[in-house]
Amino acid sequence: DKDSGCEVEIQEVVVSDTLKPILQLSGDSLLSCIKNQALISGNPFDTSKYSYEWLLPDLSKIKNKDSVFSNTAGQFSLKVIDKANNCFIERYWNVKIDTAKPNIDLGPDQKIDCIKPDIDIMPTENNPNASINYFWTLPSGNLPAETSLQNKIENIPGLVFLRVLNTTNGCEAFDTMLIEDVRK
């Protein structure tokens, strides 16, 4: 004050609130023939303090849900916004897909005759680095599961059926061969 020569000093403490929400994502990271839907969850979940927004791989959005189910592979993101200070955090989760079916070929149908009473079944495959089980059904009966592909010999006419299972992703393939008896 110029007239009285008194001075007043006022101090004010400004507290800034720049704390971001805490967020952890967890869930499935691989879609396969066994598991065709991924579940991804965000924790903690409290809609009274925070707003939530998921961005899915197809660019669609889901709001204020703690988790999402999806049969789509790609990158998922969850953005959590503190309603009091507008600070936010965003986390990402990747889901991959493995639905490759095994490759198997029993070859063409075969015929049993008087010259060739036995058929050599020599299947071909192309399944590098895969864990495969083979399930044979021959006209002479079912065989126990095998972990390596073996040639078979059959002398009874009928349908040969081979089911091939990739034990890693649960995908399977089938092939058949008809053995015809032309000796009649």
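Is it true that some residue in segment 102-114 is in a loop (DSSP other than H, G, I, E, B) and under 30 Å from Ala73 (Cα atoms)? Yes: one or more hits.
Of these, Ile81, Ile89, Ile34, which one is β-branched (Val, Ile, Thr) and closer than 21 Å to Gly170 by Cα?
So the residue among Ile81, Ile89, Ile34 that is β-branched (Val, Ile, Thr) and closer than 21 Å to Gly170 by Cα is Ile34.
In summary, strands (runs of 3 or more DSSP E) completely within segment 1-84 and bearing 1 or more residues that are of a type in the set (Lys, Arg) and touching a strand residue (DSSP E or B) at 6+ places or on another chain (Cβ under 6 Å) occur at 61-63, 74-82. Among residues of segment 166-184 being out of contact with any Lys or Arg (no Cβ under 7 Å at 6 or more places or on another chain) and open to solvent by 70 Å² or more (accessible area, probe 1.4 Å), the one that is farthest from Ala100 (Cα to Cα) is Lys184.
Here Ala173 fulfils each of the conditions (1) of a type in the set (Gly, Ala, Ser); (2) farther than 30 Å from Phe69 by Cβ; (3) part of a strand (DSSP E or B) apart from (2).
Identify the residue in segment 155-165 that is surrounded by fewer than 18 Cβ atoms within 10 Å (Cβ to Cβ) and among the aliphatic types (A, V, I, L, M) and, among all such residues, is farthest from Lys35 (Cα to Cα).
Ile156
The values are calculated or read from the model by the stated rules, or taken from the named source; none is laboratory data. Computed from a prediction, not measured in an experiment: that's the story for all the values here. Methodologically, a virtual Cβ is constructed for each residue, glycine included, from the backbone with ideal geometry; neighbour enumeration extends over all protein chains shown. The protein model used for the area step is the full one, side chains on, heavy atoms only, and it has no ligands, DNA or RNA in it. Shrake-Rupley method; radii C 1.70, N 1.55, O 1.52, S 1.80 Å.
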